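Below is one structure; the comments refer to it alone.
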Amino acid sequence: MLNRNSRNIFRFLTRPFFHHQRNSFLLPSSTPSSQFTSVTGFDEKYCTQLHLQRNIIPTELKVFSFFNPLRNFLKTRQLGVGIPHHKCYGSMGGVVQRSPRFSELNDDDVKHFQEVLGEKNVIQDEDKLTAANTDWMHKYKGSSRLILQPCNTDQVSQILKYCNSRGLAVVPQGGNTGLVGGSVPVFDEVIVNLSSMNNIISFDKVSGILVCEAGCILENIMSFLDNEGFIMPLDLGAKGSCQIGGNVSTNAGGLRLVRYGSLHGSVLGVEAVLANGTVLDMLKTLRKDNTGYDLKHLFIGSEGSLGIVTKVSILTPPKLASVNVALLACKDYSCCQKLLQEAKRKLGEILSAFEFLDSQSMDLVTKHLEGARNPFPTSLHNFYVLIETTGSDESSDKQKLEAFLLGSMENELVSDGVLAQDINQATTFWRLREGIPEALIRAGAVYKYDLSIPVENLYNLVEEMRSRLGDAANVVGYGHLGDGNLHLNVSVPQYDDKILSQIEPFVYEWTSKQRGSISAEHGVGLMKANEIFYSQSRETVQLMTSIKNLMDPNHILNPYKVLPHSITS
C-alpha cells in the first residue's frame, strides 16, 4: 500500500514536462496513455512522418571546422626508403606502412573496370573521392583514386577476381559511418561501394523474414517494415546513412540489443563474395539448420576482411503498439545497477532499452545542443537512466511500468523521474541520450572508446580516467547499460599526444584486467587492430590469421584492419 509521500512522488513522476523542440532527434511514436492528458499535440500523421528519424544527426551537423583531426593525419615517407606510411591521433599503434605486396592502379585497370561496370559506375571525380576517402569524423583519410559501384553480385565477383589476380587492395564501403577507420582506405586501396545494390528482394509476413541487398540503407528498410507491421531488430543513430551490409559486417549493436540480441542471432543467412571472386550462397531463410559449420558467422563482424557481404536474410520482429519512455535520475552508479536488476525482473519481456548517462554527459548536451535542457532543472543528479518499454497491451504495460517506477522511488533507487506522455516528450528524452556524440563533436576534439565491461565495474574506469587526467580533459561516460557497453569519451580542446599517452594503453590494460572487450560494437578497424591482444589470446588471433590466410591469401580485402599489422603485412 502506498503511503502519502510515495503518492506525492508518483504525481511528480508523471507530471507534464513542457519543452519546445528544435531540431530534435526523433523516435518511433509511443501511444499516449489514456490516464493522462497530453501536454503537447499528438498528431498521428506528424508522428508517422517523423517515425524513422530518431537518432539521425543531420548532414550539416556531422562535420565542424573546429573538429579537424585531418590536420593531425600525417602522410610522411620513411627516411631513405620512400615507402609512404600514415600516422593518426588515436589508437593506430604507431606507423602503418603500405604493404609492398600490393600493386598500384593503372589506366588498364580503370579501362577493365569500365568494361565490367560501365563508365558511370567507375568514379574518379575528385570531390566524390575526397568524401569516400574520409570517415565522417574526419579522423581517418586515405588516398584512393578509384570508386567502383557494382550493381549486382556478379559484378562484385568480377571486381574481386580481377583485383586478386592483379594484387590490387580493396576496401568495401557502405554508408561510411564507422568510428574506427574500418570503411575508408588507409592508402590507395580501390573502394568498392555497394550503395547501388539497394533492392529489397523478398519479405515473408508470416515468418517476418526479410531478404535484401547489402546496399539498402537501414532507415529505408525500417520504413518498408513499418508499412508491413514489423520493425528491424537493429536501431542505430546513423540509420539514415548506414547500410545493412556494413551493419552485418561490423556486427553493429545499438539501442535494441538488450531486447533482440546481436545480429549473430537475427541474421539467418548471407551471400558473400570471397577475395578470388567465388560467390558463397548462404542466403537461407531458415530458423534451424544444423548441416555442418555455420559459416555465415565468419562474415558477421569480420569487417569485410574475409569477404564482401552482398545479400542478407534477417529475422524481423512484429511492430508492437505500446511504447513508453521514462527518464530517471539516480544519485550514484550503484543505484543505476540496482535499477537495471529490478527492470529485468519487473519489466521482463517489455524492456526494450536501458541507457545511462552521467552528469557530465547531460551538461554537454544541454550546453551544446540547441533546445536541449535537463528536465530536472531544480536539482543536480549524478546519473540519468532512460528506460523504454515496448509491448502489445497498452494498459498492462503502463501499469507494469508505473508499478516499477513507484517501487524504485520507494526503495530510493530513483531520486527523480519523468514519464513521457506523448511522442514529443519521448523524442525529447531520447535526444538527451542520442545527442551526446554530436555534443562531444561540438565541444572540440574527442578520444572515443567503445568498451564491454562487467556492469559492476563499468563506471570505475570513468572515475579512474578522471583521476589520471585531472583538469586537462572532460571525461564523459554513457552507453548501453543493459548490455554492459560503456562509451568512454575524453573531450579536450585539441588533440594532444601527452593526453593520449595518459589514456592509452591504460584504457586497454584496464579493460583487459576486467576480462572485457576493447570493442563492444564499433568494430576493430584500423584504430584497434594492433590492440586486439588485449581482448583475444594469441592462440585465438593466430587462428583468426589462419582463417584470413585461407579465405584471402593475398590479403587484398580491407588490409591493415582487424588483425595486427605485424601478422598481416
Checklist entry - Just checking, how many residues over the range 93-136 are of a type in the set (Phe, Trp, Tyr) and part of a helix (DSSP H, G or I)? => result 1
Checklist outcome for this item: Residues of the range 232-251 being open to solvent by 10 Å² or more (accessible area, probe 1.4 Å) and touching a Leu at 6+ places or on another chain (Cβ under 6 Å), in sequence order, are ASN251
Item to check | Residue list for the range 248-262, restricted to those being over 16 Å from LEU298 (Cβ atoms) and in a helix (DSSP H, G or I) | outcome: LEU257, VAL258, ARG259, TYR260
Next on the checklist: If I filter the range 391-408 down to residues being more than 23 Å from ASP358 (Cα to Cα) and in contact with a helix residue (DSSP H, G or I) (Cβ under 6 Å, 6 or more places away or on another chain), which single residue comes out as surrounded by the fewest Cβ atoms within 10 Å (Cβ to Cβ)?
Outcome noted: GLY391
Next on the checklist: If VAL180 meets every condition in (1) modelled with pLDDT of 95 or more; (2) under 30 Å from VAL446 (Cα atoms); (3) touching a His at 6+ places or on another chain (Cβ under 8 Å) apart from one, which number is that one?
Outcome noted: (1)
Checklist entry - Can you name every residue in the range 187-216 that is part of a loop (DSSP other than H, G, I, E, B) and open to solvent by less than 10 Å² (accessible area, probe 1.4 Å)? => result PHE187, GLU189, MET197, GLY208, ALA214, GLY215, CYS216
Checklist entry - Among GLY470, GLY525, GLY479, GLY484, which is at positive phi and surrounded by fewer than 15 Cβ atoms within 10 Å (Cβ to Cβ)? => result GLY470
Item to check | Verdict on LYS296 being farther than 30 Å from LYS398 by Cβ, free of Cβ contacts under 8 Å to residues at least 60 places away in the same chain, open to solvent by less than 40 Å² (accessible area, probe 1.4 Å) and not assigned by TED's automatic domain parsing to the domain that holds LYS398 | outcome: yes
Checklist outcome for this item: Listed by first then second residue, the pairs whose first member lies in the range 367-378 and is among the acidic types (Asp, Glu), whose partner is assigned to a loop (DSSP other than H, G, I, E, B), with beta carbons under 9 Å and at least 6 positions apart or on separate chains, are GLU370/ARG22; GLU370/ASN23
Next on the checklist: Suppose we filter the range 129-157 for residues that are β-branched (Val, Ile, Thr), touching a Lys or Arg at 6+ places or on another chain (Cβ under 8 Å) and free of Cβ contacts under 8 Å to residues at least 60 places away in the same chain; how many remain?
Outcome noted: 1
Item to check | Tally of residues being outside any loop (DSSP other than H, G, I, E, B) and of a type in the set (A, V, I, L, M) across the range 217-241 | outcome: 5
Checklist entry - Residues SER196, SER223, SER241: which one is small (Gly, Ala, Ser), in contact with a Cys (Cβ under 7 Å, 6 or more places away or on another chain) and in contact (Cβ under 8 Å) with a residue 24 or more places away in the chain? => result SER196
Next on the checklist: What's the total number of residues in the range 255-290 that are among the small types (Gly, Ala, Ser) and surrounded by fewer than 17 Cβ atoms within 10 Å (Cβ to Cβ)?
Outcome noted: 2
Item to check | Residue in the range 263-278 that is over 25 Å from SER519 (Cα atoms), outside any loop (DSSP other than H, G, I, E, B), in the same structural domain as LEU148 (by TED's automatic domain parsing) and not basic (Lys, Arg) present | outcome: yes
Checklist entry - Given the residues LYS528, LYS548, which is the only one that is of a type outside the set (A, V, I, L, M, F, W, C), closer than 15 Å to VAL186 by Cβ and in contact (Cβ under 8 Å) with a residue 24 or more places away in the chain? => result LYS528
Next on the checklist: Against the definition (surrounded by 16 or more Cβ atoms within 10 Å (Cβ to Cβ), small (Gly, Ala, Ser) and at pLDDT below 95), how does GLY516 come out, yes or no?
Outcome noted: no
Item to check | From the options LEU327, LEU320, LEU380, residue that is outside any strand (DSSP E or B), in contact with a strand residue (DSSP E or B) (Cβ under 6 Å, 6 or more places away or on another chain) and farther than 30 Å from ALA272 by Cβ | outcome: LEU320
Checklist entry - Are any of the residues in the range 409-418 assigned to a helix (DSSP H, G or I) and surrounded by fewer than 24 Cβ atoms within 10 Å (Cβ to Cβ)? => result yes
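The values are calculated or read from the model by the stated rules, or taken from the named source; none is laboratory data. This structure is a prediction, so every number in the text was calculated from the model and none was measured. Every residue, glycine among them, receives a Cβ derived from its backbone with ideal geometry; neighbour counts consider all protein chains shown. These accessible areas exclude ligands, DNA and RNA; they are computed on the full protein's heavy atoms, side chains included. Shrake-Rupley method; radii C 1.70, N 1.55, O 1.52, S 1.80 Å.
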